[in-house]
Structures are given as structure tokens and as C-alpha cells.
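The structure appears below as C-alpha cells.
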Amino acid sequence: MFDQQEHENLPVEKWTESHVSSWLKSIGVKEHYIQKLHEEEVNGQILLELTEDYLRKETGMKSGPALLIIRKRNELINSQQEQKPPKVQKKQQSGPTRESEGNDVKEEVSHLDTDAGAAQTLPEPKTKTSQRKSLGGTSAKTDCKPRPFGNNGVDFTYVKHNVLFPESGIIDLISPCHEYKSFSTAATLDRQRLQAKFAREVLKFGTGCMNIRSNGTIHFGVMDSREDAGFVHGEIIGLEVKDKDIYVDALDYTERCFSSSDSEHVRWCIRPPVFIEVVDINSTVVDINSTEKRYIVEVDIVPAVSIVRNRVYSVRLPNFREKSNKVEFEKDTIYRRVGSKTEPVSDQNEFYQRVKDRDVQREEAEQANFLTAPDISEDLGRKLTVLVTSGKKVIEKEKWYILVTNKFQNSDLSNIDFLLNMKIFCVFDFDTDSKRSGFCSKYLEHHAANLHFLQNYKIPSGMSIRDFESHLHLFEQTSWIFCNGRSDFRGNEVPCDEMMWIKTKITLLRESVSLICKQILPKGSFLVIFLLTSPVEKPILHTFYEFFTEMEGHEDIICISESEENYQKWESFSEASCDTNALRSSSVVGMKMSHVNATLQRIQPLTTRTTKHLAVFTKGECLLETREEERMYSLEILGVDQCDGTTEEFIEEEKERIESYFYQGGKVSWLNFWLAEKKYVGEVIQRDAYREVSKLLCDIPRWNVESTFISRINIYHHPGSGGSTVARQVLWNNRKELRCAVVKPSYSTSVVSEHAVQLREYEEKDPQKCLPVLLLVEDCDNEFLDDLRNELDVAINTKRVTQGTLCFILLSCKRSHNPEKMSKESPLRNVAVTHKLSAEEKREFSGKRKMLEKHYQPEFILTFVLMTEEFDQKYVTDFVEHLLQDIDHTSIVTRLILYVALLNSYVQNSFISQSHCEALLSLTIHMDRFRQHTFERSLNEQAKLVFIHLRDEKTYIQSIRIIHPLVAKEILQQLLGNDKQQSSIAMDFLKEDVLYEHRFGKEEYVKFLRALFMRRYRISKGDESDSFFSPLIEHVKDQESPEKALELLEAAYSRFNKDAFFAQQLARLSYSCEKFEEAEQWAEVAVRKMPQNSYILDTKGQVYRRWFMAKCKTLEKVTKTPENTAGAIETALKAMECFKMCEKAAVSDLETMNNSGFFAAVEVGCNLLKLIFSLRVFSSKTECQKYLLTEYIPEEVKKPWERFHNQLKSLQLTMHEALEWISEDLSYFQTDVEEEETVESTEMKINNPKNWLVNKSSVYGKYFTNTSLSSATQMDLNQGNLTPFMKRMAIYHLGGGNITTIFALLADQKDKGQIKVLENIISLYPSNPLMAKLNQTDLVNYIATQIALGCLSTQSPKLASLHDLRHLCQQFPSERTKCLSSALFLVTLLFWPEEEDNVQDRENKYGIVMSAVEYLKGSYLNKMKDIPRRKRRIFTHFFLGNGRGWNKIIHKSKVETITKLLSVSEKRMKWLRGEVWKMPEIAKQFRTVQGWTEDGTVYLDGPQKKKFMIPALNSASIPYGNENVTFYLGFTFRGPVAYNITVKQ
């Protein structure tokens, strides 16, 4: 690891190779580059000498990383220098003249005459910031070119610290010679001194060039001596220019320095100064003390022969004398250029003699330059095509584009059609008026876009990348990033000038670009296009630099600029980081925007502005605007004319690839169907299942009359059997009759519902007259589908669509390991797709295979071949065996195959991103346009055959998986053979740091890896079986050894940052292997990490429960004594304590309800009672009861059990509270349709909790009563010695202990002895309950028992009258808040008015009922918490019947008796559609009550003083508006509810 402190304390020059490697790793350099530099023995000293050129040429490093290393190295040097104490330097007051070498002027001048001290004076202000950002020491510099000679420099910039090539002498008289002046001290002088100095240098150099007849440029602000400390010769530093006029006016010295005849020539030949801006790309912070920009000041010399012919020029150079405090002029001197210096002419005679020769040479040079052939016109059209398509013939549909642009000209805005068909990920827009009148406004006419600013790309802490993408709606609509304010925006987002932008925005830009390039879009999946349509400014230049750095080079960056001037400034800036030739090769310069538009439209896969149409109710079509489609982003909408805009070029280029990809195992696309429909390729086979679904679809209107708005058809399919193809084929062939769409994954049901309703009503006038929408929902659980159905129901009800109108058809396509079983359960809704083919299908598949094999090699249609063979196990085995012959087991590619096979075998729909694979294979891909080719070339033949390349439908991120899960399993089995086990390859996979730490696509990778070790199989989720652990862990535990399974989970615990849920898994695995000490430790770890998680607390309790059971099993083999049972009892009590904590956490959790703690506490309690009562130490059952219920402690147990006497004495109360809580919960919430009810915790599964409660209540009661029973009906009840407690326990034992077990006697009518049981229970209560003053619980149970008996037999002698029961109810607390919910429920049932009641009695009874309902509603809401209603549906216990007295109370079991012959799913359908209420048996028994509706609320007709609102269980059945209605009444713990609401005709 990189030790920051150690590296800071140790000077760089003393670093070892290891120090350098650690530092490189810490700044994010890739591992293979670090390894290369380590091999080259790069230590600290060498690091200081490294140049960018060396890194690129000698190590093969790309420009981006090389630049990063040099930048970070320089920052490091500066930071270390800052920490050293500053050395005190003597300030030089004066010194020798430091002019260019060869200057013959010998007189002594003051330091003000020269650049003396330039070496000591940094040209930047001495702030901390500027010191940190300056480059010192032996830093490497980047070479650059000077401004093109004669150019005005407006569109040109220099980059600070870049280096111009050395000063030069005469080349060919036309190419300029160059001279550099740092001028850093002189630039700070006053106007007079500065002008004298500037004129001196220019006129001296200019005269030298004119006399020698050569063009030249003198540069001010460029280091001119190697002695300048910390700088190199030619290094660009720049000057702070306060007033440009000072430099321009300085040349007014010309007239005073030359004779009158010469001065005019000099004016013509010496051009005015040009000011070239210097930018500092290494600075993210602008120096707040500096308000001046930095410039290089350049003067060009052009001695045209027509001006200088036959002339020699002498000059009197100006010099400011400090003694006289004025400018004086030196003697006339003739200067000439000698090499890179300007020197006085020593032999003037000879010089004059050669004037004519020099004139002739100049004239010839000028003519040669004039006659040079013009540049051959570059084929810009082809260049543009190659750059945009990465060398292909058409633009890739899957490629994302990022645009960086400034202000568009009006003429250009009419030529942006090519951009409208591109998949634009985001736009970095520097035009502040873009939304009002620029590119953005034009784009929004055709597309939806989300308008952002740079700060929107800061990820909130704790948010994942995928959540961030959803938050900004990336990939759904173009993200339009206004980089420098927005003029039409009312918020505080104003434009700023260049310097302020760099100060405030550049960090935000850097973070945005880094986020997109490093975490959102993988390299190679996107192209960055710089559209330079206006003069270039600094911010857009910085944007290029950031993209170049983050993308590690320019391969996927292109620049389009019509103006050469705009491009020049861009190029000069980019030289800092990119080779000019490379930059030119990826730029298209000089091509008009209209030509760019026409060229790129020709190679797009779809014709420009392709339209999409939808079917309409009137049998016509309507246009679906692209921007409207993009606003319904959760749906993939299928148009009537889908794919019709595909170009012929694209078809010819891509059709074979599209077809073979599908038959190789890829997901079917709309293009597959379209190409087949248009006869470009063979037809797609229609499976039998397709015909079945089509028939069900046709039948829906028939069986949907007067029924629901929403229908549902389910396709259950074997993994890889073509279920998705069948589903999409149904959509494709119904797109002209229905509106069809696929629901995209990962959107909430509310968003999907909103978009589905928009799609239904799009361009339709009347919500009553719209085509149904067919929605395909793939691999979603029932919970999602139920939620979606509810959301759509609510939406349609709000629209007040006529009852019976079919609005939506949900086509669910789910994988299942037993599709045939699912299909048989509900043949009217479910269709199966399996690997088995019918005779007709076999014939079609065989014919198709023969046809395909004429065009493709078998390996290119592999999945189809296997499909034809019905995935026969022997065929798959033989195929894999043949495939793996001669495979190199040691190669890294084989290791990759094993990893993918392992993942695909156990985790459904899993894949590994191509980016991860490249990291594992250590691929260095230099050109992204060859990325796919490089990757595929790196694979062995076996991998090429079994890997299928996927692209994410949303992000287009590339990934791989094995062509089929069955093939994956067989590969895994055969590659491992007998020698190697799955645990070893799983351990390797888990510890593969290169994969786990790979930054890009990490979320998906971690999700799949976690699922491999954590996710349990669920039949309800389409898996083969229910598993206790992940299938991989179960396989290793069962087939290898539990120890290896534990090792794997421990490694996973470490890998996933010591995750509490992995600690929980380890506890569960440990106790299942009876390693209870380890299980206890892991459970403790999990609880410490998540102390409020009820599921983890439950696991800890289950550890002790299992441990207790194991101890009990051991005790069965020996005689039990207080001593040897103490350990088991203590363990059981620990379990009970954990379950109590679990109960508390579950009740306080507002979003879920985990009941497992209550159930487990009762389970352990019953087993603990069994153990205690089995001890011979207690002489009788009575003595044991006495010990548990009183202060009495037998001598034999006093010492052995001394630690837990108090806990044992509270055991009965603990169990009683848990049983009461379960009873109440089951009274509120049971499924309305008799499905297989289960209570599932992470540990135990209880089928039919109601029956479980009956059994456990009976066991509990048995232990605390002395009554001996041969059967419940033959009970000896004449025991006057029974205490009230013993009687209560006897009642518990008989099933009368709580309201749920009492009413369960009505449901369970297999045994006809329920009447006798109920009579026996009543016999245990006082003969005159009115006088006995029973407590509230006993009173509730007595009344409930009487009601149950009344439902079974109105002739029983034990049955009380309803009048007496109502009288008993008056003993409930008058303060309703103190009443039990069960008491209030009984009040609603008993006090419901009779038909014959007079007005006053009815009103009184309604008042009592409504008072009870008010409090029931409050307790119901508390029980519901924030859990969706469909997860906890209220249970209806009774219905209001047609009879009088006892006959008006009908238990729900009567309804279930009527429907018992139906299958579970048909029964559920009848309940959901309300068909149950149409059955004549129901209508005969149930009483129809009168009421009315107001604004979607149902009211009961009856009470006079106050309206009685009755909740409807099916909100969809409530009519719109205000109607008179009839309905049936059900009684629940929420109060009365309405069923079968019907408008009264």
C-alpha cells in the first residue's frame, strides 16, 4: 500500500523501485504500466528524469497515462519543495548584462537595462497556489510548435511550460529564424524603461534579419537561457501584459533609431507585435491575486526583396541610463544573424559586397514559395465517415455519442439532421443562449432532453452509480449540460468570463467527465465529438484536455470544425497533451456543416427523422412523436411501422450478423421479425405456445364482458427455451390491432403505470374509446405484477372508464423449472414453453436447421442446433466433450470460461462485462475502434464458440455469457473433471482482485458475485426448488464437505467488507452442520453489526433453538436429571430471549412484518415444557406445574437450575403473549382465497399458520391443566377442584384459547365433533357468565365460542341467545380505547340491526357499531404499518346472511364449501373478478343491503344521524358519480366491508 507519510518524508531522489511502484498505483496508473516501469528499474532518480516522450516511445504507454505521471510527478516535487524551509537569497542590485550570446556591447549598464535576475524571479506571483502549480526542478516538458508565421494569432494559444524548439538561424530565408527573451523582469518596469528595452531587442533582431534577408520572429515570455533556474531553454512562461499599447507604441523608437530613409523600410518589414495567450492546463485554481492574463509577445520580421533590395541597415539602439535617468542612443551599428545569435558585422566591406547575392537568394526564395503547388485536397468525406463509424460502413446503432459544442450559427442550425438520429448520451453546451435560440432549442423540437448543469453530476454520498443514472434519467433521454450558465434560467446560474469559469467551474467539469468516462460509459462504447462552430475559448479547450486525460488518449475523440481559424487555436492548445499529427488525423477541418450533415445521414442505420406510428381506435394510425416516446421512457414502444426506416446499406451490412446472433442464443430483436417479414431472411418459427397465447388473447374480450379493466396472461418457460421470443412474437404480430410495449426493467410500478396510461390515451379523443395496451413484463415476480395491476386499476378508475372495457393486457413472461405444472394450474391464463418440441415443431425446426446450415457454420447457430436436439443431455454432454478437446487447462482464457460457467450455472441471467474480461486477460487495447477485434482475438477457439456477446438494452455496455445455462453446467463439470472441485474455482473467482476491483461495471459484477454465494433458490421466483443456502453453497456442502462450504462463506464475508448478512449465513451454515459454538460466534458478529434487524436476531435465536434440539436428542439416550438437563434448558432460554428481541424489532419495523420470532418462541417453549415435564424429579404433573407457576422450587432442582428459576417461572406468560399476538395477527390478515398459507422467516417455514396455531395452543394448554383427556368429546368435566387458571388452560387445550382457534373449528369440518368440543368449552365457563364478571379476554373467547356454536347448531342446549350475548358485551370497557380489537369485532357482529328492529333500536345499534368501527379502524392502521395492502389483505370472517337471529351470521367456510371443487388458481380468479358473488348458491344465502356512492365512497343506507362509510374491498367495483347501489356485507377486524357493489337499476 502507498504510505503517504513515508513518501512525503523521503525525498523523491531516494525512492526505490518499490516506492515508485506504490506511488504509481496510488495515482491510478494501470498495473501493466507499473510492472513495465518496475522491470525498467525506474527508481526515484530516474523518475525525476522521465519525459513524456520516453514513456510513450520506450514503454508503449498511451498519451493520457504518460501525461498523468508527469503532471503528478511535478506536483509531488513542488509539494516537497514547499515543505523545505526557504533559502534566503541576496537580492542582486545590479549585475552583468544578460543579453543574447555574442552581444558586443561592452559598456556597463544597470540591471534595469537587462533581463538580469530572470532566473531568480519566477514569472508568477509568489502565492502558495502558484508555487504549487509551477513546474520546477528537472520536470519533463512537452514540445510544441510556434504560432504559424504571419498569422495574427487570434485563434492561437500557447500552453504554459510547453517547450518551443531551440532558437534558430537562417534556414531558407522564408522559414523564420527564432529568438527568445524571458523578459520577466523587464515586463515589470515602468512604461519608459519597458519600451526602451522592448524596442532595443526588436530593432536589433529585426535589423539582423533584414540585413541577412531572412524572415524571423522574436518571442518575449519564452525562456532564453538554460541558466534560468527551474526552466529549460524555449520554455513558455508568458508575461503579464497590463497594457498592449505599451508594446505597440515602443516601436515608435524606429524613427529615432534609423535614418529617415531606412525607417520607412523598417516599418514595412518589422510587423506590429502579436499577443498570444498562454493557458495553464496544470492549474485548476486561478491565482486570486492575479487579474492579468499571460501572453507571449511576438514580432515578425518580413524583409521582402522589393523593399530591402541593395540596402544595408544600421541602427542606433536605445538604452535607458540610470545615471542620467533618460534614454540614450548607442552608435550606429550594422547587425546580422549568425546561427541563433544576432551579432554586429565585423567586416563591413565584405558584407556590402555580398548584398546583391543575398538579394538574389531572397528573390529566388520568394518565387519558389509563391510557386509551391497548392495542397492536394483531402478526402474529408471519407475521413469523416471512417472517424464516426470506427471504420465500418454504417454508424453503429449501439454507439453512444457525447457532443461538446459552443454557439451554433443560424445557418448551421438548419443542418443538424444527422444529430437527431444519433444516440446522444449528453451534450456539453457552452452556448448560454442554446435553450432560447440555439442548438438545444432546435433539438427539443424533436427529442426529449433533461437540462442539467455541471454540479448535477456530483454523486450524493451513499448513492450507487445505477441509482445516480436513474436519478438523472441517463440513457433514457439526452442529458443537456449547460457548462457556462443558461440565459433563460431563473435560478442562480449566470454565465461567467473565462478566468472566473476556470476558478469556479473547472473542478466540476473534471468530476463530470471523470464520472462519465470511468464509471458510467465503458471505453469503446462512446465517441466524443467536438463541434467547433464558433471561435474557441478556454473552457472548451479545458474540456478537451479532461476528456483526453480520462480516456487515456484521443482515439475516441474527434473534432469537426468548418473554420480553419477556430481549429488553429484548438490545435495549439491540444499540442500540450497530444501529438499534432495524431490530432489532425482525428479532426475534420474545412468541411461545411451542410456537407457534414449530408455525409453522415447517408451512413446512419435509419433514414433521417424516422417516424413511428401507432394503431388507433378508429382503425387508422397516428404519428408517435419521438420526444413523446422518450418521455414514456419506462416502455419500449412497438410501432405499427417499426424498423421501416432501416436503410438498405444497414440491411446489407448487418442482416447476417443479426440473424446468426439470434440463432447463436442472443435475445430476439424487432429487426429479426422485420427482416423475416420483409423476406430479407428466413421466417422465425412460431412455436405451439405462440398459437396458444394468441388464442387466449383473442378470447379475452369474450370472457372479460362486465369484468375487469386489466387481464393477464402468463408464459412460463424453461430457461433458454425461447419464451421471450414467443412473447415478443405475440407483440410483433398484434402491433397493428393493439398498442404494444415492453416494460423496461428497474422502473417503479407507478412510473410504468403512468406511462402505460399515456400510451393508451396518446392521440385519442375519448378515454372510453382507446385500443387496449398489451404490456410485456419479463422476469418480474408476482409482487411487481400485482402492484402494477393495482396502479393501473387506480388510474383507470380515476379516468372513469366504463365497467367491462378492456384497457390493459399484462403478458408476463417468467422462467420456471416446471412450466407444464404452472400451465395446468390455470389453463385459461398460463402457457408453458419447454425444451421439448411437439411433432409439428420438430418438423419445422429440422427444416429451418437445414436451411440455416447452408448459410452458416454450425457453431454460428449453436443454440438453435441444441434447441433442435431438445437440449438432450447426452447431446449436450457429447457436444461439450468434443468442444473441450485439446483445451489448454492452464491458460487464463480457460480460467475465464470456468468463471463464466460457474456464474451462469448458478445465477440466472448473469454475465461478466467485457471490460472485466479485458482486465483479467491484461489486454492493452491501443485503438478502441479495434477493441472488439482485439478482445475476440485474445480468446481461444472454445471461448469463441461458447461465449455470446451481449449488449445492455439500456446502456449498450458489452458483456459475455455462455450460450445456455445447460451448456454452462456441462462445461463446468467437464472442465473441473475429477481432480478439481467447484469450491476451489469458486474460491479463485472470489479472490480474483483484478475482477473485483475493476472500477467499471462494478455494481453488476458485485451483484452477481454476491448472488452466487448468497441468493437462495425460490420456487416462487421460478427456481427449481426452495433452498436453505445459495445453490453453490448447498452443492459444496453436500457434494464436497461442510468445511469447504464454510471456508467459502468466510472468504465471501471478508470479500464483501465483513457484511452482516454473510455473518448470518455463516451462523446458519454452522448450526446446520451442528457446529454450534461457531454458529453462536457468527450470530453475535451479525447482531453487533445490525442490532435492530429482526431477521438476524431470529437467526441468533435459531442457533440456540437448534442447539437446544441437539442437546435434547442427546438426553434421550440417558436418564434425565436436573444436572444433565441444565445446559439444554439454559440454551432454550437463550433462544427465547433472542426471539423476544426479534419480536420487539419486528413490531417496531414500520416497513415489514417478520412474525418468525413469535412462532419460534412458541416452538421452543413447547419443546422446553416437554423436556421439563419428562423429568422424573417431579413426582407428578401437578408438582411440575406448581414449580412453573408459583414460588415453589423442589429441592432437587434448586442448585442445578439456580441461574434460571425466574426465567422458567415466566415461561407460561411468554408463550401466552406470543400465542395471543399470533392469533390477533391471523385474525386481521389471512388470504381471502385459500392459497397455501406460509409464514416464512430466514430459518423456518410454517405451512398453514392457522392449523399450526390450533395445534400449538392445544399443546400449550395440555401442559398447564390437570384434566386427563381420552378425547376432546369424552372429557370429565365434573372436577370442582379446577382453578380458574386450570379451566382457562383446559379451554386452550380444547381449542377455545383465542378467537382464531375458536373460528378454526368452523373451517375444519372433516371431523363432525366440533359441536361437542364447543359445548365442552362452554361448560368450562361459569354457568352464569353475566354474574361471574369474566375478564375481557375470557369474555371475548366465551362470546366467540357461542357464535361458533350458533353457526353449527342453533339447537344446542349450551347455546346462549343473541340477546344475552349482547348483554354480555356491555361488560366490555365503556372506554373504547381499552377494548381489545377482538371485543370490538364481536360488537359489530352482534349489534348489527335485525330487519324487524324498530327505528329507535336500529339507530341505537348503528351507534354502537359505528363507535366500535371507529376504534377498529385505528388499531387496523397501526397493525398495517407502512406495508402495502396487497401484502396484508384484511380477512373477512363472517358475512351478513338472509336469515334472522343466528341465521344472519354466515361464516366464510360456507362460501369456501361452495367453491371447494375449483382449483386454487380458478378460485382466486373468481374472487378477483368478483364471479363468486354471481353464483346462485351465494345469492340465495347472502343478504343484499342498500346504499349509495358519493365520489368513489360507499355509504350504507340505514343510520339516520350519521353517514356510515363502508370500505369496498375491490375499489374497481365502485361506480363513478353518485349512484344508488346494493352490496353484500362482510365482517372484518377493520369493520364491515362491501362486496359485489352493484348499481341499482
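The values are calculated or read from the model by the stated rules, or taken from the named source; none is laboratory data. Note that the structure is predicted; figures quoted are calculated from it, not measured. Glycine gets a Cβ as well: all are built from the backbone with ideal geometry, and neighbour counts include every protein chain shown. With ligands, DNA and RNA removed, areas are computed over all heavy atoms of the protein, side chains included. Shrake-Rupley method; radii C 1.70, N 1.55, O 1.52, S 1.80 Å.
Would you please give the FRET efficiency between K1378 and K1505, computed as 1/(1 + (r/R0)^6) with r the Cβ-Cβ distance and R0 = 35 Å, to the nearest 0.05?
After rounding, the FRET efficiency stands at 0.90.
For the residue pair Q973 and A1483, what label-to-label distance in nm results when each label sits 7 Å from Cα along the Cα-to-beta-carbon direction?
5.9 nm
Subtracting the Cα-Cα distance from 0.36 nm times the residue separation, let me have the gained length for K655 to T580 in nm, one decimal.
Extra length available between K655 and T580 comes to 23.1 nm.
Could you work out the pair-distance distribution P(r) of region 1386-1428 from its alpha-carbon pairs, with 5 angstrom bin width and percents rounded to whole numbers?
5, 23, 23, 16, 12, 9, 7, 4, 2
Taking amide H positions as placed 1.01 Å from N in the peptide plane, with prolines and chain starts having none, which residues 5 or more places from F1508, or on another chain, fall under 5 Å of its amide H?
L1500
Hey, which of these cross-link pairs are over 25 Å Cα-Cα: K744/K814; K695/K824; K1358/K1484; K1117/K1170; K1007/K1089?
Over 25 Å apart, Cα to Cα: K1358/K1484.
Can you pull the three principal axis extents for the Cα set of region 781-858, in Å, largest first?
Largest to smallest, the principal-axis extents are 57, 29, 22 Å.
Ordered by residue, what ³J(HN,Hα) values in Hz, to whole numbers, does region 414-429 give under the Karplus form 6.51 cos²θ - 1.76 cosθ + 1.60, where θ = phi - 60° and Gly and Pro are x?
8, 10, 10, 4, 4, 6, 6, 9, 7, 7, 8, 6, 7, 10, 8, 10
When a/c reaches 1.5 or more, the comparison of a/b and b/c decides; with that in mind, is region 588-671 rounded, prolate or oblate per its Cα gyration tensor?
oblate
Which log10 I(q)/I(0) values does region 1064-1221 give at q = 0.10, 0.17 Å⁻¹ under the Debye formula, counting every alpha carbon as one identical point scatterer?
For the requested q values the scattering log ratios are -0.37, -0.99.
What figure, in Å² to the nearest 10, do you get for the accessible area of E653 with a 1.4 Å probe and non-protein molecules left out?
Here the residue's solvent-accessible area equals roughly 70 Å².
Give, as a single signed number, the net charge of other residues whose beta carbon lies under 15 Å from the beta carbon of A986, with Lys and Arg counted +1 and Asp and Glu -1.
That sum, taken over residues with Cβ under 15 Å, equals +1.
How far is helix 1314-1323 tilted off the main Cα axis of the chain, in degrees rounded to 10, range 0 to 90?
Approximately 80 degrees, to the nearest 10.
Rounded to whole Hz and in sequence order, give me ³J(HN,Hα) for region 162-172 from the Karplus expression 6.51 cos²θ - 1.76 cosθ + 1.60, θ = phi - 60°, writing x for Gly and Pro.
Whole-Hz 3J(HN,Hα) from phi for region 162-172: 6, 10, 7, 5, x, 3, 10, x, 6, 10, 9.
Using 0.36 nm per residue of separation minus the Cα-Cα distance, give me the extension gain between E1414 and V154 in nm, one decimal.
Value of the extension gain: 445.5 nm.
For Rg/Rh (Cα atoms, Kirkwood Rh), pick the label among [x] 1.30; [y] 1.05; [z] 1.09 that corresponds to the value derived from the coordinates.
[z]
Roughly how big is the chain's charge dipole about its Cα centre, with Cβ charges of +1 (Lys, Arg) and -1 (Asp, Glu), in debye to the nearest 20? List each step's numbers first, then the result.
Values: 203 positive and 217 negative charges, 1090 e Å.
So the magnitude is around 5240 debye.
Near the amide H of V279, under 5 Å away, which other amide H atoms are found, from residues 5 or more places off or on another chain, if H is placed in the peptide plane?
Amide H neighbours of V279: Y158, V159, K160.
Run the simple label-point estimate for K242 and S259 please: 7 Å along Cα→C-beta, distance reported in nm.
Those two pseudo-labels are separated by 3.9 nm.
Highest mean first, what order results for 45-53, 806-814 on Cβ atoms within 10 Å?
806-814, 45-53
Go through K503/K592; K1316/K1454; K57/K293 and tell me which ones have a Cα-Cα distance over 25 Å in this structure. Kindly include the intermediate steps, with their values, before the conclusion.
Working: K503/K592 35 Å; K1316/K1454 20 Å; K57/K293 35 Å.
As for pairs spanning more than 25 Å Cα to Cα, those are K503/K592; K57/K293.
Taking a cut-off of 22 Å between Cα atoms, list the lysines near K331, but don't count ones fewer than 8 places away on the same chain.
In chain and number order, the partners are K106, K197, K204, K323, K341.
On a 0 to 90° scale, report how tilted helix 782-799 is relative to the longest principal axis of the chain, with both axes built from alpha carbons and the result rounded to the nearest 10.
Once rounded, the angle reads 90 degrees.
What list of ³J(HN,Hα) couplings, whole Hz, do you get for region 1147-1163 from phi and the Karplus terms 6.51, -1.76, 1.60, once you set θ to phi - 60° and write x for glycine and proline?
5, 7, 6, 7, 9, 9, 10, 9, 7, 4, x, 5, 5, 5, 4, 5, 4
Heavy atoms only, 1.4 Å probe, whole protein assembly: order V274, V801, V360 by accessible area, highest first.
I get V360, V274, V801, largest accessible area first.
Once Rh is set to the Kirkwood radius over Cα pairs, what Stokes-Einstein translational diffusion coefficient, in µm²/s, holds for region 538-680 at a temperature of 25 °C and a viscosity of 0.890 mPa s?
D = 128 µm²/s.
Say R0 is 60 Å: what FRET efficiency, to the nearest 0.05, do D699 and I27 get from their beta-carbon distance?
0.35
Please compute the length gained on full extension between E1523 and S437, using 0.36 nm multiplied by the number of residues separating them and subtracting their Cα-Cα distance. Show your work: numbers first, answer last.
Values: separation 1086, 0.36 × 1086 = 390.96 nm, distance 5.40 nm.
Separation in residues times 0.36 nm, less the Cα-Cα distance, equals 385.6 nm.
Using modelled amide H (1.01 Å from N, peptide plane; none on Pro or chain starts), what sits under 5 Å from the amide H of L638, excluding residues fewer than 5 places away?
Amide H neighbours of L638: C740, A741, V742.
Using the Kirkwood formula on the Cα atoms of region 481-540, what hydrodynamic radius do you get, in angstrom to one decimal?
Here the Kirkwood hydrodynamic radius works out to 13.5 Å.
How big is the gap, in Å, between the Cα center of region 300-355 and the Cα center of region 748-793?
88 Å
Nearest-5 percent of antiparallel DSSP beta bridges in the chain?
55 percent
For the chain, take the longest principal axis of its alpha carbons; what is the angle in degrees between that and the long axis of helix 1076-1089, to the nearest 10 within 0 to 90?
60 degrees
Taking every pair of alpha-carbon atoms in region 995-1103, what share in percent sits in each 10 Å bin, from 0 to the bin with the longest distance?
Cα pair-distance distribution for region 995-1103, in percent: 15, 43, 34, 8, 0.
To the nearest 10 Å², what's H817's accessible area with a 1.4 Å probe?
Solvent-accessible area, nearest 10 Å²: 60 Å².
Write down the accessible area per residue of region 336-413 in Å², having rolled a 1.4 Å probe over the full set of protein chains.
60 Å²
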